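Only one structure is covered here, and it is reproduced in the block below.
Bear in mind these aren't lab numbers, they're just calculated from the coordinates by the rules spelled out. These numbers come from a predicted model, not from an experiment. Counting neighbours? That spans all protein chains shown, and the Cβs are built from the backbone with ideal geometry, glycine included.
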């Protein structure tokens, strides 16, 4: 479920250009509320026992494709999109962790 806390808002952001501007605030508010609820309900109590292996953008994308898992692919795409805005290696690690958990 936590994958949806990231991929749903990413999907809303991608659809905003097709929506009337008057719907933008409500769309973003709904995405925020849904993500907050999912995060509150499904977040683990503590950190993962081991870190995800380090990865490059190309390796992450290939791992997601190779997994064949739609959720892993969507999360990797979301992580890569965020990484292009802010090249924080933690974003790639999160994408890799999601792909590993979806397999």
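Roughly what angle does helix 89-102 make with the longest principal axis of the chain, taking Cα atoms, 0 to 90 degrees, to the nearest 10? Helix 89-102 sits at roughly 80 degrees to that axis. Tilt of helix 70-85 relative to the longest C-alpha principal axis of the chain, in degrees (0 to 90, nearest 10)? Helix 70-85 sits roughly 80 degrees off the main axis of the chain. With the simple model of a label 7 Å out from the Cα in the direction of the Cβ, residue 24 to residue 88 spans 2.4 nm. Measuring from centroid to centroid over Cα atoms, what is the spacing of segment 78-103 and segment 1-63 in Å? Using only Cα atoms to place each centre, the spacing works out to 11 Å. Annotation for residue 59 and residue 43: the two label points, set 7 Å from Cα along the Cα-Cβ direction, are 2.9 nm apart.
Short-range pairs are left out: with C-alpha atoms under 8 Å and at least six residues apart, the relative contact order of the chain is 30 percent.
As a proxy for reagent exposure, ranking 84, 71 by other Cβ atoms within 10 Å from fewest up yields 84, 71. The helix-based estimate of mean residue ellipticity at 222 nm for the chain, built from -39,500 (n - 2.57) per DSSP H run of four or more residues and divided by its residue count, is -23500 deg cm²/dmol to the nearest 500. On the beta carbon distance between residue 36 and residue 103, with R0 = 25 Å, the FRET formula returns roughly 0.35.
Against the chain, whose longest principal axis comes from its Cα atoms, helix 2-15 is set at around 50 degrees. For segment 1-43, the square roots a ≥ b ≥ c of the C-alpha gyration tensor eigenvalues yield an a/c of 1.5 or more together with a/b not exceeding b/c, which makes the shape oblate.
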